[in-house]
Amino acid sequence: AFRTIFKKPLKVIASGSVLNDTKDIHEFMSVPESGNYYLAVNTATNDANLCILEINKLSIDAGTLLSAPGHATDFTAVADKEGALNTELSFTTPTMNLDSTSVQSLSKVELYRNDELIKTFDEFPNYTDFSRGINIRYTDENAEQGKNIYSVVAYNNETRGIETFAETWAGIDIPAQPTNVVAKIVDGGVQIGWMPKTVGVHGGYVDTKTLKYYVENNYGSAVATAVADSTVLDNIDTNGDQDLRAYAVLAYNEAGQSEAAISNSVIIGAPYNLPLSESFASAQTHYFWGVNGSRQANFSLDENNSSDLDNGSVNFNGTNATAELYSGKLDLQGAKAVKVSFDYYCSAPQDATLEVEAYSPEHGFKTIGTLDMSQWNSYKWLTAEFVLEDDLNDKDVQIYFVGNSTGEAQTFNIDRIKLEETEPTGITTVKPLNMKAGNVYDIQGRKLNRTHQGQL
């Protein structure tokens, strides 16, 4: 929003939304008295740390007399719907002067495209009174490929009025992001499919039959280039070591390329068998572990704390937010019950909880235990044990550790996770370990700019 600063509160004189593109903002202002005035630019509605605003060609020009014609109204610019370089323009001549008096007569009206005069209206044989509210239509048959900024201004004899602006994108538009990008494991690899957008990023014409697509995996390697279809197969071994796969899809044509559209993530590889033990020794993982986090909450490896003195654990740090640490796929077919045990530590009571959940494609999520870190009253690492007794007949079960913070910079560590088959016994009690508590550190080695989903 553009604002002028008076002795009184700020006054908005022009505003406009800008999203992943450029926008021209013009406005006329007058002041009640002579003096020093200042122009301020304020970004009022962006998310914190997720926006970059660049201002270019900021200018303040001398205006005109208050007796000059005011703005034309109902000014529209509509580009050809099939990509031809012509634009239909329509506007209504001003009825009021800038001093709020009625327009008596207009000597001419000028129409500009990108600051170039393309038409002067000074003869109107069908109108006897060219003074108030006449609708004028005009076809610009020489529009430029890309953004076209039109302006119209009326004259009262030699007195130039105030410009009114309209803009449109003519010709072939830059493709918009593909939608519904879905990755799924199939025979032979991972299939990625998507839906093309039928209009461009500026609302202009896009020929979906001529669009090409570029597909990249989460390691930055190209999976396919110049794809004409809306599906592609990543021909990889899905029965090897477990790993995370996600994909970015970009559409492009002669006008440019879209922003990347991101797929869901899938875990490839053969399921693990029980027992499984992960101690995060030396801040490394032996098995696959995934993370769903953000700038506000995350799980990360921590080499400065451990319950078993092997220089490794996982740290949760969050501020009024939730993050998830999840295992790879587990083959639990035939198991009667599965015991999930792990060590955990807080340096002091925390406004946070840790929920342990089991997920299977067939049964969804099931909570098998919860720890309330606000009840922490130990100076040692503790051990928690929970038992999963239901929904076991699946080879793609995953265990989720869900950290939820309800305060600022709440942190705790977990270590020595064990998953093993057991007899159905229900939830056991929480018992302490005779280990010396280490120092607690915040997230290390991870700088996040947006919602984070990846491998630990």
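The values are calculated or read from the model by the stated rules, or taken from the named source; none is laboratory data. The structure displayed is predicted, hence computed values, not measured ones. FYI the Cβ positions are ideal-geometry reconstructions off the backbone, even for glycines, and counts take in every protein chain you see. Please note that ligands, DNA and RNA were not included when accessible areas were found on the heavy atoms of the full protein model with its side chains. Shrake-Rupley method; radii C 1.70, N 1.55, O 1.52, S 1.80 Å.
Out of all the residues in segment 170-178, is one or more closer than 30 Å to residue 80 by Cβ, open to solvent by 20 Å² or more (accessible area, probe 1.4 Å) and assigned to a strand (DSSP E or B)?
So far as segment 170-178 goes, yes, one or more of its residues are closer than 30 Å to residue 80 by Cβ, open to solvent by 20 Å² or more (accessible area, probe 1.4 Å) and assigned to a strand (DSSP E or B).
Please go through segment 340-384 and pick out each residue that is open to solvent by 60 Å² or more (accessible area, probe 1.4 Å), outside any strand (DSSP E or B) and charged (D, E, K, R). Hits for segment 340-384 are 351, 362. All of 204, 189, 193, 240 fail the test of being of a type in the set (Gly, Ala, Ser) and closer than 30 Å to residue 418 by Cα, apart from 240. Once segment 385-409 is narrowed to residues that are assigned to a strand (DSSP E or B) and of a type in the set (A, V, I, L, M, F, W, C), the residue that is nearest to residue 313 (Cα to Cα) is 401. Among the residues making up segment 101-116, a single one is over 8 Å from residue 155 (Cα atoms), touching a residue at least 40 places away in the same chain (Cβ under 8 Å), open to solvent by 20 Å² or more (accessible area, probe 1.4 Å) and assigned to a strand (DSSP E or B): 112.
Among the residues making up segment 316-339, those that are closer than 28 Å to residue 407 by Cα and either modelled with pLDDT under 95 or buried (at least 24 other Cβ atoms within 10 Å of the Cβ) (or both) are 316, 317, 318, 327. Here segment 398-456 is the region considered, the condition is being of a type in the set (S, T, N, Q) and under 14 Å from residue 347 (Cβ atoms), and the residue that is modelled with the lowest pLDDT is 439. Among the candidates 283, 255, the residue that is under 15 Å from residue 456 (Cβ atoms) and either open to solvent by 30 Å² or more (accessible area, probe 1.4 Å) or aliphatic (A, V, I, L, M) (or both) is uniquely 283. Only residues that are hydroxyl-bearing (Ser, Thr, Tyr) and either touching a Pro at 6+ places or on another chain (Cβ under 8 Å) or crowded, with 19+ Cβ neighbours inside 10 Å (or both) were counted across segment 215-252, and they come to 4.
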